[in-house]
Amino acid sequence: MIKRTLHFGNPAYLSKRNEQLLIELPDAPKLGEKDNKRSVPIEDIGVVILDNQQITITQAALAALLQNNAAIITCNDTHHPVGLFLPLDGHDVQSERFRYQTDATEPLKKQLWQQTVTAKILNQAAVLNERGIEIDSLLHWAKNVRSGDPDNYEGRAAAYYWRYLFGAETNFFRRREGEPPNNLLNYGYAILRAMVARSLVGSGLLPTLGIHHRNKYNAYCLADDVMEPYRPYVDKLVCEIVDEGESRTFGIESLTTELKARLLGIATKDVHIEKETNPLMVGLQRTTASLAKCYELKARKILYPVMRNFDGKRAVKYKAVEDDTMNMAAEEDVPYHKTDDDGRKLPF
């Protein structure tokens, strides 16, 4: 069952009563609403976003939400997500799955990362293809990703992708503190990251121990790994918003309530996984459950979503892309370095 995503952008008092999240909105009369109290079954809630500095939540409500495997996101005074609460115990055999996860061999993790990168590049290709942009290079790179992606095809694909996603003439550069629509991407990714982390916990996995990401300051390395093939769903939604803004002349410089509502809708977007179509939040549960089976050596494939089947085009010849084009739009992130099994940096 798909869980609900609740966003609180106005002052609110949140408490628990009879397994319901009781919501009191003191500003309801100012907003033209007669009823300032409502309730939602806690078991139906998947994500809660606290996006106002005048929100109070009781300990009972907080504990009940976490006990039901809800993710709680807190935002700062500029409305950017800064914190994430997740339950400590999200699965019946969690300690056993932790052990499988920590015992995972380096070859296994490299193979899982290969699958992740391939799925991400193919979904990026699907977004570009829908926008009428040449994708032969992306299909070539997706086809040739090797275990651990030692050739950094993920980075090459990202550079090409961001260079053309919003139009080559825009000179868009993807970075967290960059100009719009970076703000929309940041918000969408934050919501997606929370949903991925929640799903990982629900599958008995530890979001901190990544397949590829290893930043010691990052508590959600595995979530950042698993969300990669899902990012293009956020990108596609942001493209739709940007395109509408150009035709209707509304701005995207600030995250309005309407824009946030659109981005929160990412949880209900349809994803296709092995001939089944589910809302994205349900698809994530299938993905993380399959990852847990991979760690247990009961499966060899992570079930990632496929935006479009390119099997008929995967044999295309590689179309060279100039190096200066590749370097113009690489996403700002931790630099990629090839490493040997001891973790030492190798020449690129």
Practice item. Could you pull out the residue among 38, 99, 17 that is within 30 Å of residue 145 (Cα to Cα) and of a type in the set (Lys, Arg)? Key: 99
Check your understanding: Looking at residue 111, is it touching a residue at least 24 places away in the same chain (Cβ under 8 Å) and not charged (D, E, K, R)?
Key -> yes
Check your understanding: Looking only at segment 245-263, which residues are in contact (Cβ under 8 Å) with a residue 40 or more places away in the chain, over 13 Å from the mean Cα position of the chain (by Cα) and open to solvent by less than 20 Å² (accessible area, probe 1.4 Å)?
Key -> 259, 260
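For the condition within 17 Å of residue 221 (Cα to Cα), within 23 Å of the chain's Cα centre (by Cα) and at pLDDT below 95, what is the one hit in 86, 112?
Values: 112 fails: at pLDDT below 95.
Of 86, 112, the one residue that is within 17 Å of residue 221 (Cα to Cα), within 23 Å of the chain's Cα centre (by Cα) and at pLDDT below 95 is 86.
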Check your understanding: Given the structure, is residue 127 of a type outside the set (Ser, Thr, Tyr), at pLDDT 95 or above, outside any loop (DSSP other than H, G, I, E, B) and at negative phi?
Key -> yes
Study note, to complete from the structure: residue 150: passes all of (1) over 18 Å from residue 291 (Cβ atoms); (2) open to solvent by 20 Å² or more (accessible area, probe 1.4 Å); (3) under 22 Å from the mean Cα position of the chain (by Cα) but (3)
Study note, to complete from the structure: Given (1) more than 21 Å from the chain's Cα centre (by Cα); (2) of a type outside the set (Lys, Arg); (3) farther than 21 Å from residue 211 by Cα; (4) open to solvent by less than 50 Å² (accessible area, probe 1.4 Å), residue 60 misses just (4)
Practice item. Determine, yes or no, whether residue 14 is crowded, with 18+ Cβ neighbours inside 10 Å, touching a residue at least 12 places away in the same chain (Cβ under 8 Å), of a type outside the set (Val, Ile, Thr) and not in a strand (DSSP E or B). Key: no
Review point. Say we look at segment 271-288 and pick out the residues that are open to solvent by 80 Å² or more (accessible area, probe 1.4 Å) and closer than 19 Å to residue 228 by Cβ; which of these is modelled with the lowest pLDDT?
Key: 274
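For the condition of a type in the set (Lys, Arg), open to solvent by 10 Å² or more (accessible area, probe 1.4 Å) and within 21 Å of residue 66 (Cβ to Cβ), what is the one hit in 176, 193? I'd like the intermediate steps shown before the answer.
Working: 176 fails: within 21 Å of residue 66 (Cβ to Cβ).
Step by step, each of 176, 193 is checked, and only 193 is of a type in the set (Lys, Arg), open to solvent by 10 Å² or more (accessible area, probe 1.4 Å) and within 21 Å of residue 66 (Cβ to Cβ).
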Study note, to complete from the structure: Residue count, segment 51-75, condition touching a Gly at 6+ places or on another chain (Cβ under 9 Å), more than 17 Å from residue 19 (Cα to Cα) and part of a loop (DSSP other than H, G, I, E, B), comes to 2
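When the residues of segment 130-147 are narrowed to those that are of a type in the set (Val, Ile, Thr) and crowded, with 23+ Cβ neighbours inside 10 Å, which ends up nearest to residue 214 (Cα to Cα)?
Per the criteria, the residue is 145.
Each row is one residue, and each column tells you yes or no for (1) more than 29 Å from residue 149 (Cα to Cα); (2) assigned to a helix (DSSP H, G or I).
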| residue | (1), (2) |
| --- | --- |
| 207 | no, no |
| 230 | no, yes |
| 236 | no, yes |
| 253 | yes, no |
| 263 | yes, yes |
| 266 | no, yes |
| 287 | no, yes |
| 294 | no, yes |
| 309 | no, no |
Revision key, fill the gap. Residue pairs within 6 Å by beta carbon, gap of at least six or interchain, first lying in segment 275-302 and under 17 Å from residue 114 (Cα atoms), second open to solvent by 40 Å² or more (accessible area, probe 1.4 Å), listed first then second, are 292/97; 295/100; 299/293; 302/115
Practice item. Please go through segment 215-244 and pick out each residue that is free of Cβ contacts under 8 Å to residues at least 24 places away in the same chain and either open to solvent by 10 Å² or more (accessible area, probe 1.4 Å) or on the phi > 0 side of the Ramachandran plot (or both). Key: 216, 217, 218, 219, 240, 243, 244
Practice item. Check residue 313 against each of (1) surrounded by fewer than 19 Cβ atoms within 10 Å (Cβ to Cβ); (2) modelled with pLDDT of 95 or more; (3) on the phi < 0 side of the Ramachandran plot and name the one condition it does not meet. Key: (2)
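The values are calculated or read from the model by the stated rules, or taken from the named source; none is laboratory data. Please read these numbers as outputs of a predicted model, since none were measured by experiment. Cβ: placed from backbone, ideal geometry, glycine included. Neighbour counts: every protein chain shown. Each accessible area value is taken on the protein alone, full model and side chains, heavy atoms only, with ligands, DNA and RNA left out. Shrake-Rupley method; radii C 1.70, N 1.55, O 1.52, S 1.80 Å.
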